[in-house]
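The values are calculated or read from the model by the stated rules, or taken from the named source; none is laboratory data. No experiment lies behind these values; they were computed from the predicted model shown. Here Cβ is always computed from backbone atoms with ideal geometry, including for glycine, and neighbour counts include all displayed protein chains.
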Amino acid sequence: MAKKYEYKTMVTKFGHDDSPKKLEKELDGLGARGWELVGMSRDESPEDDHDEEVILFVFKREK
């Protein structure tokens, strides 16, 4: 029988002045619940003067 997966996305904004600790805690929590990071992309907002980026994370876990 083929494995089946479910997928989850998370979008967050992250700037140069932001501490990664909050993001790490959130990612650790997802990992503890069985979610595996399988992809990400980032895009710098052209309207942002502070170099804030929007990051899309894609996770999966076996059903």
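Structure summary
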item: For Tyr7: the one exception among (1) in contact (Cβ under 8 Å) with a residue 40 or more places away in the chain; (2) not in a strand (DSSP E or B); result: (2)
item: Residue in the range 4-27 that is among the aliphatic types (A, V, I, L, M) and more than 10 Å from the chain's Cα centre (by Cα) present; result: no
item: Number of the exception - Leu23 against (1) surrounded by 11 or more Cβ atoms within 10 Å (Cβ to Cβ); (2) of a type outside the set (S, T, N, Q); (3) in contact (Cβ under 8 Å) with a residue 24 or more places away in the chain; result: (3)
item: Residue in the range 8-19 that is nearest to Glu44 (Cα to Cα), counting only those that are exposed (fewer than 11 other Cβ atoms within 10 Å of the Cβ) and modelled with pLDDT of 90 or more; result: Val11
item: Residue ID - modelled with the highest pLDDT, chosen from residues in the range 44-61 that are under 13 Å from the mean Cα position of the chain (by Cα) and under 15 Å from His16 (Cβ atoms); result: Ile55
item: Failed item in (1) among the hydrophobic types (A, V, I, L, M, F, W, C); (2) surrounded by fewer than 10 Cβ atoms within 10 Å (Cβ to Cβ); (3) not in a loop (DSSP other than H, G, I, E, B), with Ile55 passing the rest; result: (2)
